[in-house]
Structure formats: structure tokens, C-alpha cells
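Okay, so here's the structure we're looking at.
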Amino acid sequence: MIRPLARRLLALAIVIAPAACVAADLPAASAVTALRNPAFDEPASDPSAPPGWASQGSAYGTVKIVEHAGASGGRAAELRPAASGSKDSQSFMIFQVLDPATYRGKKVEFGAQVATEGAGINLVVWSPEGSGNDFVSNVNQPAFTARKSTFTVPANASVLTFGVQVLGPAGSRAFVDDAFVRLEGAGEAVPASTGTAGGGATVTIHAGALQRQLPSDFFAMHIEWFEDASGLVEPGTGTPRPDVVELLRPLGIPLLRFPGGISADFYDWKKGVGEKRGELRNPFNKKMEVVRFGSPEFVALAKQLGARACITANYGTGTAADAGAWAKWFSDNGLRPDCWEVGNEIHLSGPKATGANSAEIYKPGAQYAKDFPGYASAIKAVIPNAKVGAIAHIDTGAFPFADGGNPNWTREMLDALSTKADFFALHNGYAPVVIDDSVDLAREADRQKLYRATFAAALQTKDNLATVASEIAKRSPLNTKAPFAITEFGALVGITSDPSRHLAYVDQSRTQASALYVASVLDVYMADPRVEITMFTNPVHKYYGSLVLADASGPVTSPTYHLYRFYRERFESRLVGTDVASPTFSSEQVGVVKARSAVPTLVARASKSPDGRRLTALLVNRSLSGPLETDVSIEGFVPARVSCEILAAPAPNAINGPSLGPTVVKNSNVTPRPFACKTAASQRLALPPGSILSLVADAS
């Protein structure tokens, strides 16, 4: 049954007229900010009860999920009038109840893909204060046709629904797929995830069961020297932007990686010091740039932020002597980096490689193993307490990252490595990495498929950590206990030569869905005691996947920025036992991410303060189809005060600030907000779709 106001739906003909207050035949869920199961692809135990949808007027028609070759995901909703037909006030419809607060006073676009075989379809956005509809009068349109209309939602709308009504005689039918309701000009909002099992979730926190102490360097960052340090510094000056620095301060960045990733293996540090700076090639656009953000500027930034340094020594085109001389320059100039890695991604290059990791930097794995001790010795001769890491990579995804001429670089390196590495640097947290243009992010169904795969990628990263550890133990036993440093990771949506797809991939890297992915993969890294450092790529960027968008009009924080603030301000360092029972979903192969089943919808992790007086938890609801009822219980801790904040968005493809294309909901103002929770050891929380909840409990 639905609430009295929500019951006052429509009995529609071509004109809209309010019906009597009746109960829905399929009960409506709570009001949602965006449609659930809009493509009718979500698995249903009963095909006549599509998840997320309610119905009215069962005496006049039926709905059934059917296979349809023309549907985006292979399935569509079939609406059939009953024997007496469906007409006027005696008609059949399916509907969803929307949260009116999201849309009040705003112009919305609504529509669907529609096919008709003897019956008409009426698409309706309705509130008691006013309504809009789009009537498909062509009853002989067997191929799906896109329908779209607009309606300005009344500013005082008390209830808001979206409905699909079938009108026709017995024996006729119509099909609906890819329904949508979105703010005008926002691009196609992704209304819901499909493939998510129903039911609630439970989280049990065992406050007395200490699992690990998160290392102090766990939430580190990766920055690069070129293109004004990706927008971190004032154009052409090398001087950090004060507004950006102020946004980074609350993140308490413990460690900054420099001078970059791929660019590090082409970096001549001597051209980035002194009054007269040299030029270096940007390995991505192949252009020469003056090194304005060099070592002195990096030292100044690290001091401004109170961060230590992790330096990537140039192995690709440099020497051990260069690394030692650079360590001395740092030491002489007020910074003694105690974290170094030798090279970046030599393992992804090859003798004939032509990409950014080109053949210019290639050296065989056995050669790296032979050279590594020299680099470590040169650095430690200047900074004895420095930790020097070796790079490693094992392909376990749907396609190899490694160059085809170099598939076993890491195994050959480990076989030859006779020296202890202080850690191994890995880059196994990029996803979903679409390289074949197989998804069209202008299509809602493709975005949903991509998001499901991206969330599932965290489990693939978990498997990869185990594979790398196994290879190290087998091939280099003296390094069995060496920890891992994830020196780059983040949402890397895709790589393409198609300009429009490229813009879509860049936009998607700043969405709420990307924040959900970062939270998912960080949870995997937290759970693995071998992972001591993670470095997000990048804290600041002009376009791509950053915490802070370096927009010309001023910096814009992303949903992932607010996730990091949760971790740094509302999450303690001592991880405690957290048991999670959750619905699951399945995902298809997308990019490097293999198809996967039984992926938990909910991810949760809890921690407590060193004095044991504060307990914190982070809950990540990866269902995009509606609230997830979650029972949270705390054992071994008596809360005197509890506060909750939620990071939620109007759609998973919501971003803050401007967009480069139409596949995201721009200017969405995704930011943490207070969330009602009780001061109690047990409570039930309705987590909004695609949301991240921060819970903080203090003892008396």
C-alpha cells in the first residue's frame, strides 16, 4: 500500500484526470530521487512484478517483462489491455513515486523508448498541483521509437509520480524500455542500477576485535609536473594556487608522489631546478614544456601541506647516479624523501611499444632486477632511512595491460631479483578501462552496465593482490613479506581515439559512481594488511577524475573529494571487525573488468580511535535502484552520541561543476549532508541509492 497522497495517481485518457484514491496493485516503494529499473533489466522472480514499479488498474490490463530483440538490454515491459480493454478512467498503468524535492520548480525531461502493436501509450509526470504527458497515438509502431517531452514541476508539488499508461482494445499491446525523468539539460541521468538482488542488509560491528592499524601513509596522493601540475599551480608560474591548497589542507595528505607516473621515466630532474629551467617532453601529447613545477616548487608545496615526499626515480631514461644526485639535491634543500620507487611502469612497455610507455624506456625484467640494487644503494647512501620500492605488475584482467612483446616482465624480474625490496609498487586499482568503444555512455543502459562492472572491479583488484603476493613468494622468497604500495589508482573509465567518447570518459571519472568505486577499492586495500600506502590519481586536475577540478572560474570539489574528507575527518585509524550481509548483483565484462556474479551491494568498514572512545563506520550502498534498508549493530561499545552524514546524489552520473559533454548531470552540488540516525547500539537506516554514509559514535 502507498501513502494517501501517493495513491492519488491518474486514470488517464488522452487528457489527464485525477482518479479516486485507490491502493496500488503492485505496491509502490518509497519515493526515490530517480527511476529504479528504467530499462526493465533488473532480475524479477515474478515477470509480472518489475522491481521498482507499482501498478494501478489491474482489472484493465497487465504488465510483464519479456525478451525483446529491440530493447537496449534485451528485455522490455509489455503492457496489455484486459479483455474489456483499457480506456479513459478504466485503464491500466505502471508508475513510480519520485521525491518531489528534487524537482520542485524545475523543468524536467521525461520519456521512454516505445513500440506499439495496436495499443497507445501515455507517458505522464503527475502531481496534484499540475501534470504533463506525452501520448503516443500511433498504435502501429512495432519498432522502438524514442519519445521525450518536458514539464515544469510546480514549485509546491506535494507528490510527484511518473507513469506509463496503456490504452487500447483487447488483444493489443505496447512495449516500453529505457524510461527516464531528468532535469532539463542535465543529460540522461542514470536512474538505477540493474541486476541488484532485493532484500535488506545487515552490518555488525565488533568494536573489540582489532584487525589492523591503518598506516599513517595510507591516504597519499600522486601529482605530476607537467601542464601546470595538472592545474595545481598558477598558469606559467609554478606557484601553487592558494584556493586549491586550502581545499587540500583538510585532507591531511601524508605523502606526495612526484614527479608523476609515466612522465617520471622521462624526467631529468636537473631541468627542473635553478633559475633557468629546461624543457622536457610531455609523454602524452609529445609536446615540449618548460619545467616550471620542478623540485623546488614541489618542496614548497609539500611543506605547505605538511606532507612528506615519495619520489619516482627515472629508470626508463635515467641512471642510479642520477637518482643519488637527486636525493642529495633534496637533502641539501630542506627535504629528505624517505620513500622512493625505481621506475613507474617499465613492465607495461616493450621493445616495440609506441604508446606513452614507449620503447624508449623499455628494459627487460631481468635487467631491472640487476639494476635495482644500484638505485637503492645510491639513494640510501644519501638518505639511509629511505624505503626504496621495486615495481611489479601481473595481468589478471579481461585483457593485458602489458605490451604484447613483454608479457612476463614481472615474473622474469622476480626470478632474477636477489635483493630485498622495501616494498613493491603496484597499479592494480584502475577501472573499468574501456579500450574497444564497446559502451555508448549516451545510453542509459550502457552506463548502468559500466557502473556495475566498475563496482565489481574492486573484487578483481582483491584477487590481483593475492596473485601478485603468490608470484613474489614463489619467485623471490626473500621478498615474501615485502608490503605493497599502490602508487597510482582511480577511476579510469576508458581510452579512445574518438573525441566525443573521450570527453564522456573524462566526465564520467568525476561522478558519484566514481566516488563509489574509489570507496570500494579503498575498502579492499584497507582489508589487506600487505597494503601500506595508496596514492590517488590526481588530487587536482583540469579535467580528469580529480578530487578538485581546477576550473578557470574557481576550483570545484568532486564527490570523491568529499569521500576523502570522510576518511580524513570522520574515520579512525584502528580497523575493527565488521560483518556484512548484503544483497548481491551480477555484472558483465566491461573493459578490463571480467564478468562477475554475487557482488555485494553494500560495502562497510568500521574503525575506532586509539583511546577507544570513538567508533566510526563508512557504509557504501552500491545499489542505484532505491534505498537499501540496513540494520546496523555495534557490539562492545556503548554510544553516548551518534552523528551521521550522507554523500548522495540525484543520479549516479551526477558531477559537481561544468561538464565536457551530455552524459553526466552537471552542477549537481553533491556534498555531505546531515542524515538522521539514533544514538543507539542498534538501528535501521534506509541508505539512499548510490550513497556513502559516515557514522561517528562517541562514548560518554
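Some points to look at:
- Here's how it looks for Phe585: its modeled amide H is under 5 Å from those of Ala197, Ala598, Val599, Thr601, which are all 5 or more places away or on a different chain.
- The helix-based estimate of mean residue ellipticity at 222 nm for the chain, built from -39,500 (n - 2.57) per DSSP H run of four or more residues and divided by its residue count, is -6000 deg cm²/dmol to the nearest 500.
- Rounded to 10°, Cα long-axis angle of helix 559-569 versus longest principal axis of the chain: 60 degrees
- In region 104-180, the GluC sites (Glu not before Pro) that fall in loop regions by DSSP, at most 15 other Cβ within 10 Å: Glu129
- In units of the rule-of-thumb radius 2.2 N^0.38 Å, region 36-115 shows an alpha carbon radius of gyration of 1.21.
- Environment charge of Leu549, counting only residues whose C-beta is closer than 9 Å and scoring Lys/Arg +1, Asp/Glu -1: +1
- Size descriptors for region 109-148: radius of gyration and Dmax over Cα atoms are 11.1, 35 Å.
- Positive dipole terminus of the chain, leading residue within Thr237, Ala458, Leu335 (C-beta point charges): Leu335
- Global form of region 30-71, assessed from the alpha-carbon gyration tensor, a/c cut-off 1.5: oblate
- 0 to 90° range, to nearest 10: angle between helix 295-305 axis and the chain longest Cα axis: 60 degrees
- Using alpha carbons only: equivalent-ellipsoid semi-axes of region 436-569, gyration tensor based, whole Å: 29, 19, 13
- Simple rule: put +1 on each Lys or Arg Cβ and -1 on each Asp or Glu Cβ in the chain, find the dipole, and look at Val159, Gly118, Pro142; the Cα lying farthest toward the positive end is Val159.
- Region 301-407: proportion of alpha-carbon pairs further apart than 25 angstrom, %: 29 percent
- Check: region 254-399 dipole with +1 on Lys, Arg Cβ and -1 on Asp, Glu Cβ, in debye: 220 debye
- Applied to region 445-452, the Karplus parametrisation 6.51 cos²θ - 1.76 cosθ + 1.60 on θ = phi - 60° returns per-residue 3J(HN,Hα) values of 4, 5, 5, 4, 4, 5, 5, 4 Hz, with x for Gly and Pro.
- Using alpha carbons only: equivalent-ellipsoid semi-axes of region 129-286, gyration tensor based, whole Å: 54, 27, 19
- Using C-alpha pairs under 8 Å with a sequence gap of at least 6, the mean separation divided by the residue count of the chain gives a relative contact order of 14 percent.
- Here, region 487-642 is characterised by an Rg to Rh ratio of 0.99, where Rg is the alpha-carbon radius of gyration and Rh the Kirkwood radius.
- Rounded to the nearest whole Hz, the Karplus-based 3J(HN,Hα) values (6.51 cos²θ - 1.76 cosθ + 1.60, θ = phi - 60°) of region 423-438 follow the sequence 6, 10, 8, 10, 10, 10, x, 9, 7, x, 6, 6, 10, 10, 6, 7, with x at glycine and proline.
- Partners of Lys270 within straight-line reach, counting lysines whose Cα lies under 28 Å from its Cα and excluding those fewer than 8 residues away in the same chain: Lys286, Lys287, Lys303, Lys328, Lys363, Lys370, Lys380, Lys387, Lys542.
- 5 angstrom amide H check on Gly657, placed H, neighbours 5+ away: Asn667, Ser668, Asn669
- Note on the chain: with charges restricted to the Cβ of Lys and Arg (+1) and Asp and Glu (-1), its dipole about the Cα centre is near 1020 debye.
- Site pair Ser643 and Glu117 shows an inter-label distance of 5.9 nm when each label is modelled 7 Å from Cα along Cα→Cβ.
- Cβ-derived FRET efficiency at R0 30 Å, Ser216 paired with Ala680, nearest 0.05: 0.40
- Here the accessible area is traced with a 1.4 Å probe on the protein chains. For region 528-590, carbon and sulfur cover 42 percent of it.
- Gain on full stretching of the segment that runs from Ala442 to Lys542 - 0.36 nm per residue minus C-alpha separation: 33.7 nm
- 5 angstrom amide H check on Val233, placed H, neighbours 5+ away: Arg241
- J(HN,Hα) series, region 689-696, from Karplus relation 6.51 cos²θ - 1.76 cosθ + 1.60, nearest Hz, glycine and proline x: x, x, 10, 10, 9, 10, 10, 10
- Pair-distance profile P(r), taking every C-alpha pair of region 370-462, with 5 angstrom steps and integer %: 2, 11, 17, 16, 14, 12, 10, 8, 5, 4, 2, 0
- Extension gain from Lys270 to Val290, taking 0.36 nm per residue of separation minus the Cα-Cα distance: 6.0 nm
- Debye intensity ratio I(q)/I(0), log10, region 622-700, q values 0.12, 0.18, 0.25 Å⁻¹ (C-alpha model): -0.43, -0.77, -1.15
- Fully extending the segment from Asp243 to Thr152, taken as 0.36 nm per residue of separation minus the present Cα-Cα distance, adds 29.0 nm.
- For the chain, with +1 on Lys and Arg beta carbons and -1 on Asp and Glu, the positive-most of Ser643, Gly294, Asn314 along the dipole: Ser643
- On Cα atoms only, tilt of 499-508 relative to the major axis of the chain in degrees: 90 degrees
- Spin-label pair Ser58-Asp698: with each label point 7 Å from Cα along the Cα-Cβ axis, the two points sit 5.2 nm from one another.
- Simple spin-label estimate for Ala381 and Ser586 in nanometres, 7 Å along Cα-Cβ: 6.0 nm
- Using distinct alpha-carbon pairs, which all enter the 1/r mean, Kirkwood radius of region 554-634 in Å: 15.1 Å
- Calculated Cα extents along the principal axes in Å (choose from (i) 89, 60, 49; (ii) 118, 67, 44; (iii) 66, 53, 43), label: (i)
- The charge dipole of region 389-518, taken about its Cα centre with unit charges on the Cβ atoms of Lys, Arg (+1), Asp and Glu (-1) only, comes to about 460 debye.
The values are calculated or read from the model by the stated rules, or taken from the named source; none is laboratory data. Quick caveat, the model's predicted, so the values are computed rather than measured. In this analysis, Cβ positions are derived from the backbone assuming ideal geometry, glycine residues included, and neighbour counts consider all displayed protein chains. Ligands, DNA and RNA are excluded from the accessible area calculation, which covers all protein heavy atoms including side chains. Shrake-Rupley method; radii C 1.70, N 1.55, O 1.52, S 1.80 Å.
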